[in-house]
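The structure appears below as C-alpha cells.
Coordinate-derived values only; no laboratory data. Just so it is clear, the structure is predicted and the values come from calculations on it, not from any experiment. Because the Cβ atoms are built from the backbone with ideal geometry, glycine has one as well, and the counts that use them run over all protein chains shown.
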Amino acid sequence: MSMVSIIARRELGSYFATPLAYVFVLIFLVLGGVFTFYIGGFYERGQADLVPFFSFHPWLYLFLVPAIAMRLWSEERKSGTIELLLTLPLTKMDAVLGKFLAAWLFTGLALALSFPLWITVNVLGSPDNGVILASYLGSWLMAGSFLAIGSCMSALSRNQVIAFITTVVVCFLFTLSGFPLVLDALGGWAPQLLIDAIASMSFLTHFTAISKGVIGLRDVLFFVSLTVVWLAATAVVIELKQAD
Amino acid sequence: MIEVSHLSRRFGSFVAVDDLSFTVRPGEVLGFLGPNGAGKSTTMKMIAGFIAPSAGSVRIFGRDVQQQTQDARRLIGYLPEGAPSYEDMRVMEFLRFIGKVRSLRGADLDARLDSVVERMDLGGVLQQRIETLSKGFKRRVGLAQAILHDPQVLILDEPTDGLDPNQKHQVRELIRGLSDEKIVVVSTHILEEVHAVCNRAIIVAHGRVVADGTPAELESRSPTHRAVHLHLAEAYAGAVAAIAALAGVREVRADADGKRLLVLPHPEASPLAALARLVHDRGWVADELHVERGKLDEVFRNITREAA
C-alpha cells in the first residue's frame, strides 16, 4: 500500500468520524434537487436529460467544495499535527496527494449519490446516457480543480474561515474568467494574449463543453492540468510556510 | 549518533539558533535545557526534519536529515511539542495509521502495537477517541506513536509540560525504561527533570550552547555546591566566628535570629566533617545538618543570564 493511499484512507475515515460527511452529502443532494426541480424546471422543460441538474454544479461547488477543502491543511497547521505528519517517512507530495484524493473521492461519492435523478430521468424518458456519463465525469473533474485550489488556499492559512473565503474568491474568478465581469476588468490595459489566456481558463466554458457529451481532450486536459498545478503549488506553499 | 554541526536558523532578522554544534551518542539521555525562546524547539524541529536549517547540518547515524530525509526519519521517533495527534481518531486507529506509514505490516505491526500499548498502559482506552482523553493519556498516545517503530533516536519536545506531578512521574519512568542502546533527546525547562532522567545536559541561551556536561557537573558550578546547611537549636555566642575560622570555609551566612547558618566552602573544599566535629565539641544542639548538592536552577539562571 503506498503512502498516498494510507494518507487518503485516514483522511476519508476522518470525514466520516464527524457529522461533516453526512451534512455535506445531504446538503449537496438537497441543493442539487432544489436547483434541478425548482430553478432548472426539470419537469417543465419536458426533456429527458439532466441538464438542469448539471448546469448548476459550478455554482453549487463554488461554496460547497471550499467547505471541504478549507480543512485540508488549515486544520493540520492549527492542531499542530502537520508537524507529526511531515516528520513521518513520507514526502510532501504523498501528503498533498493523499489528502486531495480523499477529498476528491468524497465529492465523487456525493456526486454518485445523486443517482436517483438518473434513474428518474430514465424512467420518464429515454435520455442519452452517454451525455449523462460525460456530465458526471466532467462535474467530478471540475470538483477536483476546485478542490486543488482549495487545498492550496488552505495551506496558506491556519484559519479555516480565511481559507474558505479565499478559495471561494479564486474559484469564482476561475468559474467566470471567460465572462465580462472578469474580462472587462482587464480590457484596455492587459495585452490581448493575456485576455485570451484568461478567457480560456473559464470553468464554465470547459464544463459546458464536456456536459454536452463531448469529452474533448482539451477540456479534460484543462481540468487535469489545473488540478496538478494547484496541487504542486500546495506542496510549495507548505514547504515555504513550514517554519511559521 | 546524532551529529549537529554549525546549525543555524534565522526567522527574518531574528536568529533563533546560532551556530550550534554537538554530538549525542547511543546510551545518552540528553536534557536540552534553556529558557523559553532560547531555540530549543527550533533545534528539535530541525533534528526531526520538520524545518530546514538556514545553515549547518544534522546527521542521524551518518544520514543527513536534509539530503537523506526519508532514511534519517525512519531512525527517529518524534514527539512534537504539545503531543499533537488526530483527535477525531480512536487510539488504536491512530497508532495503526502511524504504524502503516512507518512501513510496519501484519504480524510485525500487531506485535509492535501490543508492545507499546502495554508499555504506555493504553489498553483501557484503545477504542476511545483521542479528543475525549485526559492530557496525560494524550501524552502517552503521543509517546506511543513516537516509539512504535522502536527507533534508535527519540526526540521528545517538552514531554512533561502541562502534566500533573503523577503524570510527570509516569512519563519520566517511561523515558527511563527505554533501552540503554538508544539516543534520547528531551527538551525541557523543568530542571528536576534533568535529574530524574538525563545523564547529560546541554543548556542553550540565545541559540547557543552555554553549558554541556552531566547534571552533577553542572550542579558543581553552583555557588552553593557542597555548602552546608546548619540549623542550631539556639543562637550560640561566637558560633559564626568559630565556624568561619574552620579550614575550607569561605563564608558563613546567618539569618536574623542566628540559628540558621549557611556555610559556603572554598572551591574543592568540603567543610562538613570539621563542622560536625565543632558542633559536637562545643556541645551545640543541631536540628539539621545537610550538604547542598548545588542548585541546578541557580546554575541555569546564572549561565543563561550571563549569556544575555
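So here's what we get for this one:
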read-out	value
Choice from A:Leu101, A:Leu181, A:Leu72 with maximal GNM fluctuation in chain A (Cα, 10 Å cutoff)	A:Leu181
Kirkwood Rh, Cα atoms: Rg over Rh of the protein assembly as shown	1.17
Angle between chain B longest axis and helix B:91-101 axis [Cα atoms, degrees, rounded to 10]	70 degrees
Interchain or long-range residues, amide H under 5 Å from B:Gly77's placed H	B:Val153, B:Leu154, B:Ile155
Exercise: per-residue mean of other protein chain Cβ atoms within 10 Å, B:74-85	3
Exposure proxy ranking, count of Cβ atoms within 10 Å, fewest first, for B:Leu264, A:Leu133	A:Leu133, B:Leu264
Rg(Cα)/(2.2 N^0.38 Å) for chain B, N = residue count	1.24
Using alpha-carbon coordinates, inclination of helix B:165-176 to the longest axis of chain B, degrees	70 degrees
Per-pair calculated FRET efficiency, R0 = 51 Å: B:Asp297 and A:Ser200 via Cβ, rounded to 0.05	0.15
Debye intensity ratio I(q)/I(0), log10, the stretch B:1-126, q values 0.18 Å⁻¹ (C-alpha model)	-1.07
Acute angle (nearest 10 degrees) that the helix B:296-307 long axis makes with the longest principal axis of chain B, alpha-carbon atoms	80 degrees
Which of A:Ile149, A:Ile6 has the fewest Cβ neighbours within 10 Å, and the rest in rising order	A:Ile6, A:Ile149
Total lysine pairs whose alpha carbons fall under 19 Å of each other in the stretch A:3-241 (8 or more apart, or interchain)	5
FRET E, pair B:Ser220, B:Arg260, Förster distance 30 Å, beta-carbon r, rounded to 0.05	0.80
Cα gyration tensor shape of the stretch A:143-224, rounded if a/c is under 1.5, else prolate or oblate by comparing a/b with b/c	oblate
GNM top mover of A:Ala209, A:Ala103, A:Ala69 - chain A, alpha-carbon springs below 10 Å	A:Ala209
Label point distance in nm, B:Gln128-A:Val161, each placed 7 Å from Cα along Cα→Cβ	3.2 nm
GNM flexibility winner over chain B from B:Asp281, B:Asp297, B:Asp71 (Cα, springs under 10 Å)	B:Asp281
Efficiency of FRET from Cβ geometry, B:Ser54 and A:Lys92, R₀ 25 Å, rounded to 0.05	0.80
Per-selection Kirkwood Rh - chain A (Cα, Å, 1 d.p.)	18.9 Å
Neighbour-count ranking [beta-carbon atoms within 10 angstrom, fewest first] of B:Glu251, B:Glu181, B:Glu219	B:Glu181, B:Glu251, B:Glu219
Relative contact order, percent, the stretch B:2-219 [alpha-carbon distance under 8 Å, six or more residues apart]	31 percent
Karplus (6.51, -1.76, 1.60) ³J(HN,Hα), θ = phi - 60°, over the stretch A:177-183, in Hz, Gly and Pro reported as x	5, x, 10, x, 3, 8, 5
Span-rule helices in chain A, defined as complete DSSP H runs reaching 15 Å or more along the axis (Cα) with Kyte mean at least 1.0	A:20-34, A:57-69, A:92-112, A:129-156, A:160-176, A:217-241
Structure-based [θ]222 nm, chain A - -39500 (n - 2.57) summed over DSSP H runs of at least 4, per residue, nearest 500	-24500 deg cm²/dmol
DSSP beta bridge pairing in the protein assembly as shown, given as percent antiparallel to the nearest 5	65 percent
Considering only the stretch B:2-219, percent of DSSP beta bridges that pair antiparallel, nearest 5	55 percent
Mean shadow area of the stretch B:228-292 over all directions, Cα convex hull, nm²	3.8 nm²
Residues with amide H under 5 Å from that of B:Leu163, placed H, sequence gap 5 or more	none
